[in-house]
Amino acid sequence: MPRTILEEARQHPAIREKIANLNADIVHNVQAAATTNPVLVVGMAGNPFVRRARKSLAAAGIAYQYLEYGSYFSEWRKRNALKMWTGWPTFPMVFVKGTLVGGAQEIEALLTSGELKRTLGE
């Protein structure tokens, strides 16, 4: 079931462009990186779950690209744009072959089951 978002018809015409372009650069950057990297981890400094996901991937010998946006004290508006775009509420955001698979717990489950390596063709 698709998640509910406010349809454009319910946005005043004077603010539609602002909504459409708000922090669009970060979203486009992540979209491009998710498309060009088999595994992408999007995170923030100081977050233990981001460290956990990266450590799990490294321990499994899986290469990944990492994009970091701020910390608990900076760039939260940019990260909020990513949350709104994906619908995923926390960091890290892990993409595998362009598909959002979740965060640290989800990537660990995919590693444990062997599904991640199968998906990557390893």
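Remarks
- Tally of residues being closer than 15 Å to VAL30 by Cβ, open to solvent by less than 70 Å² (accessible area, probe 1.4 Å), touching a residue at least 24 places away in the same chain (Cβ under 8 Å) and among the polar types (S, T, N, Q) across the stretch 50-89: 1
- Residue in the stretch 15-34 that is closer than 22 Å to LEU111 by Cα and open to solvent by 70 Å² or more (accessible area, probe 1.4 Å) present: no
- Where a residue in the stretch 4-32 is farther than 25 Å from GLY98 by Cβ and its partner, wherever it lies, is among the acidic types (Asp, Glu), with Cβ under 9 Å and at least six apart: ARG16/GLU8
- Sole residue being part of a helix (DSSP H, G or I) and either touching a residue at least 60 places away in the same chain (Cβ under 8 Å) or surrounded by fewer than 13 Cβ atoms within 10 Å (Cβ to Cβ) (or both), chosen from THR119, THR112: THR112
The values are calculated or read from the model by the stated rules, or taken from the named source; none is laboratory data. If you're wondering where the values come from, they're calculated on a predicted model, not measured in any experiment. Every residue, glycine among them, receives a Cβ derived from its backbone with ideal geometry; neighbour counts consider all protein chains shown. Each accessible area value is taken on the protein alone, full model and side chains, heavy atoms only, with ligands, DNA and RNA left out. Shrake-Rupley method; radii C 1.70, N 1.55, O 1.52, S 1.80 Å.
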